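A short reminder: the numbers here are calculations on the coordinates, not readings from a lab. Since the model is a prediction, treat every value here as computed from it, not as a measurement. Glycine gets a Cβ as well: all are built from the backbone with ideal geometry, and neighbour counts include every protein chain shown.
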Amino acid sequence: MIMLNEQYQDLTPSYLFAEVARRAAAFAQAHPDQEIIKLSIGDVTRPLAPAVIAAMHKAVDEMGQAATFHGYGPEQGYDFLRQAIGRYYQSFGVELEDDEIFVSDGAKSDLANITDLFDRDNKVLIPDPVYPVYVDTNIMNGREIVYLEANEANGFLPAPPDFEADLIYLCSPNNPTGAVYNRDQLKAWVDYANRWGAVLLFDAAYESFITDPDLPRSIFEIPGAKTCAIEFCSLSKTAGFTGTRCGYTVVPQELVFDSMSLNHMWNRRQTTKFNGVPYVVQRAAEAVFTEEARAQIRASIAYYQENARVIAAGLDRLGIAYTGGVNSPYLWMRCPNGMGSWEFFDDLLQKAAVVGTPGEGFGSCGKGYFRLTAFGDHDKTVEAMERIQKAYG
Ligand code: PLP
């Protein structure tokens, strides 16, 4: 009889967003005249930039002509896009070879698939609270996970521990806490990984929200990172590609352990199990890196950043402690009056008809915290903060 991967039984049910939706729907039914405002949206809401749309239209037309039609493309991505990504890295001082850049259908798939390259017996270090994909993919593979507490004392940015680990996940700017590692803090992680021969899996999905020029956008801005880090990035939050799907993963050539190259292994993995991102999408992605599109995209990001500023100002007025919201679309607040995450969720819904995300859904260290996001409509965000002021002021 077939034997299944029993590790799936070790997964905790991912009920967070379903439960949020269920409670919001129950409230809506009981209060049909009250408009619920969602500060829980993790998806972008601004449309694709006109320059991106123009490039996508042109590519669609090319697909309709025999002379310019494209069938299977390179699994690693077209050169035109790999080079555009390479030039983007150069703009903040990081030199990459084209063959170190792998185009993907988004960061989530690559963050999950990268586990193919590592033995089950590696010890995995994951900060808590966390983007749940890191945890669940390693549970599926049966790996030992050690959690690193992200808390107010360490600014939600855990430092390397005093014990050995093999595979370390870092996300900066962080989902859910909005905290961002500075250069010195990342250098400590790079030194730790190089000392133990460990690999850092660095998730830079929110790098485009960084406005402080002193904060690193890429782990490869840190000396020594090319011998210990893989970086995952995405156009989802940068350019509104959550539904269009395109990201990229950087696997340096220097990542060689026991004479095995992680770059070659990832190349082999991708050419075996992945057939590339659609041509049309890659042309749209290429356009993201043009001057014209970058200006348009900056306007969308500025829109979200203004929302984040409104939320932060509201929390400041109430004297509620929070992190994030400056170089990140997320704000991570302590629930007022010592409430638990779900208790505050219900209280906020009842008193203000505002929905956020209970922190404990991101890990046990999220208990007593709450995530608010800047991805909503501006006027609604302003109204939500007015309602919160009335309810808790
Ligand atoms: N990494 C983090 C931290 C995220 O929050 C998300 C999406 O919300 C992703 C990766 C996934 O990005 P993508 O849409 O490129 O799969």
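Results, tabulated for the structure shown:
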| item | result |
| --- | --- |
| Near pairs, Cβ below 6 angstrom, 6+ apart or cross-chain, from the range 166-186 (in contact (Cβ under 8 Å) with a residue 12 or more places away in the chain and at positive phi) to any residue that is more than 10 Å from the ligand (Cβ to nearest atom) and not in a loop (DSSP other than H, G, I, E, B) | 178/323; 178/324; 178/331; 178/332 |
| Filter pass, residue 285 being within 16 Å of the ligand (Cβ to nearest atom), assigned to a loop (DSSP other than H, G, I, E, B), crowded, with 19+ Cβ neighbours inside 10 Å and not polar (S, T, N, Q) | no |
| Failed condition for residue 323, given (1) of a type outside the set (Gly, Ala, Ser); (2) within 18 Å of residue 386 (Cα to Cα); (3) part of a strand (DSSP E or B) | (2) |
| Residue ID - nearest to the ligand (Cβ to nearest atom), chosen from residues in the range 147-174 that are of a type in the set (S, T, N, Q) and under 18 Å from residue 221 (Cα atoms) | 174 |
| Residues satisfying the stated conditions in the range 102-129, i.e. among the aliphatic types (A, V, I, L, M), within 15 Å of the ligand (Cβ to nearest atom) and either in contact with a strand residue (DSSP E or B) (Cβ under 9 Å, 6 or more places away or on another chain) or in contact (Cβ under 8 Å) with a residue 60 or more places away in the chain (or both) | 103, 107, 111, 114, 126 |
| Every residue from the range 109-136 that is in contact with a helix residue (DSSP H, G or I) (Cβ under 6 Å, 6 or more places away or on another chain) and under 30 Å from residue 279 (Cα atoms) | 111, 112, 115, 116, 117, 133 |
| Among the residues listed as 177, 211, the single one being within 16 Å of the ligand (Cβ to nearest atom) and either buried (at least 22 other Cβ atoms within 10 Å of the Cβ) or in a loop (DSSP other than H, G, I, E, B) (or both) | 177 |
| Which listed residue is free of Cβ contacts under 8 Å to residues at least 60 places away in the same chain, over 20 Å from the mean Cα position of the chain (by Cα) and either surrounded by 14 or more Cβ atoms within 10 Å (Cβ to Cβ) or over 24 Å from residue 285 (Cβ atoms) (or both), from 90, 83, 76, 65 | 83 |
| Odd one out for residue 66 among (1) under 30 Å from residue 325 (Cα atoms); (2) more than 16 Å from the ligand (Cβ to nearest atom) | (1) |
| Of residues in the range 14-62 being within 16 Å of the ligand (Cβ to nearest atom) and of a type in the set (D, E, K, R), the one farthest from residue 363 (Cα to Cα) | 46 |
| Residues of the range 227-248 satisfying the condition of being closer than 26 Å to residue 187 by Cβ, outside any helix (DSSP H, G or I) and under 13 Å from the mean Cα position of the chain (by Cα) | 231, 232, 233, 234, 247, 248 |
| Within the range 224-252, considering residues that are among the small types (Gly, Ala, Ser) and crowded, with 24+ Cβ neighbours inside 10 Å, the one farthest from the ligand (Cβ to nearest atom) | 225 |
| Odd one out for residue 165, checked against (1) surrounded by fewer than 17 Cβ atoms within 10 Å (Cβ to Cβ); (2) more than 22 Å from the chain's Cα centre (by Cα); (3) hydrophobic (A, V, I, L, M, F, W, C); (4) under 27 Å from residue 247 (Cβ atoms) | (1) |
| Members of the range 137-162 found to be out of contact with any helix residue (DSSP H, G or I) (no Cβ under 7 Å at 6 or more places or on another chain), farther than 24 Å from residue 209 by Cα, surrounded by fewer than 17 Cβ atoms within 10 Å (Cβ to Cβ) and in contact (Cβ under 8 Å) with a residue 12 or more places away in the chain, listed by number | 144, 146, 161 |
| Residue among 82, 87 that alone is touching a strand residue (DSSP E or B) at 6+ places or on another chain (Cβ under 6 Å), in a helix (DSSP H, G or I) and more than 16 Å from the ligand (Cβ to nearest atom) | 82 |
